[in-house]
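See below for the structure under consideration.
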Amino acid sequence: MPLLLIYLPDSFRKPSVNQPATTFAISDLAREFDITPRTIRFWEDQGILAPEREGSKRVFTRRDRARLKMALRGKRLGLSLAEIKDLIGMYESTEDETPQLLECLRVMEKRRAALEQQREDIEAMLGEIDQFETLCRQELARREASKPEGGQSPLAGVQRP
């Protein structure tokens, strides 16, 4: 299976005559993906999953499992719910996957740019924190130097990272 974010191989779109109809209970999927049943119900409410029903019991197909896996991957990558739904939904509409692949690349480029900007912002903030810590230590050292003998140091208990 390609390492694409949102990739639905044909076997997940259309069940083959040769494939057994594997189904999963909500507890099976929750255990496999280390999530709660409530999380799975959330994805169902959002239209990502469409389990069949046997009475009050949800019965998930291999297609549901694949869609859940892709939704969770999209979430880990920081995609919005709308982006996840759009990317998964695109695979329902056509046999030519070129537009889906192009859209996936566009979304990933946008996400990468946002993460790189966040990294730059974090580096700038850390630099400012370093400067402020240096100023605080210098002021404490100045006060320590001007303190009379025998008094407790204001630096007592302050550790340098």
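Using a Cα-Cα cut-off of under 28 Å, which lysines could be cross-linked to LYS110, ignoring same-chain neighbours fewer than 8 residues away? Straight-distance partners of LYS110: LYS69, LYS75, LYS85. If you wrap the tightest convex hull around every Cα atom of region 13-133 and split its volume per residue, you get 143 Å³. Using the Cβ-Cβ distance between THR22 and GLU103 with R0 = 41 Å, the FRET efficiency computed as 1/(1 + (r/R0)^6) comes to roughly 0.90.
Our analysis of region 32-94 gives Rg over Rh at 0.96, with the two radii drawn from alpha carbon positions and Rh computed by the Kirkwood formula. Working value for region 102-142: equivalent-ellipsoid semi-axes of 40, 4, 4 Å, each the square root of 5 times a Cα gyration tensor eigenvalue, largest first. A straight Cα-to-Cα reach below 19 Å connects LYS57 with the aspartates and glutamates ASP28, GLU32, GLU44, ASP45, residues fewer than 8 places away in its own chain not being considered.
Every read-out reported here was derived from the displayed coordinates using simple, explicitly stated rules and does not represent laboratory data. Note that the structure is a prediction, hence the values are computed from the model and not measured. Positions of Cβ are generated from backbone atoms using ideal geometry, with glycine treated the same way; all protein chains shown enter the neighbour counts.
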